[in-house]
1. Give the stretch 39-62 a look and list any residue that's aliphatic (A, V, I, L, M), surrounded by 15 or more Cβ atoms within 10 Å (Cβ to Cβ) and assigned to a helix (DSSP H, G or I), or say none.
2. Working only within the stretch 67-79, note down all residues that are exposed (fewer than 15 other Cβ atoms within 10 Å of the Cβ), free of Cβ contacts under 8 Å to residues at least 40 places away in the same chain and within 16 Å of the chain's Cα centre (by Cα).
Amino acid sequence: MDPMAKAFEEAKKNPKMRKRLKIKAAFSLLLFVMFLGVIFITIGTIIASKTGSFLGMTQLDFLKLRARYGIIMMFLIIIHLAMNRSIMKKELELLFG
């Protein structure tokens, strides 16, 4: 059995840990959905730069949307890293230790 799967199974039995896992899972899902938006905006920017517009938006509209989306993504990534800092510390210890 995968060690992470075993850790998740044990955490599911603990109500306090289950609540934390649900919050982390919801946040990870939000980041994934936002990432799909980034891909869509990037493709839209490329198409709009070649054809003049995409879905009624010009290249400038896509670049404005991309800038706003980028700021939101930066904050979400910072929050994600803060939520998973203990895991990150252990991974870095393993990598450099």
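Quick note: the coordinates plus some simple rules give every number you see, no bench work behind them. Given the structure is predicted, the values throughout are model-derived calculations rather than measurements. Cβ atoms come from the backbone with ideal geometry, glycine included; neighbour counts cover every protein chain shown.
1. Hits for the stretch 39-62 are 41, 47, 48.
2. 68, 70, 71, 72, 74, 75, 78
Matching residues to (1) more than 18 Å from residue 4 (Cα to Cα); (2) touching a residue at least 12 places away in the same chain (Cβ under 8 Å); (3) touching a His at 6+ places or on another chain (Cβ under 9 Å); (4) assigned to a helix (DSSP H, G or I):
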| residue | (1), (2), (3), (4) |
| --- | --- |
| 25 | no, no, no, yes |
| 28 | no, yes, yes, yes |
| 81 | yes, no, no, yes |
| 87 | no, no, no, yes |
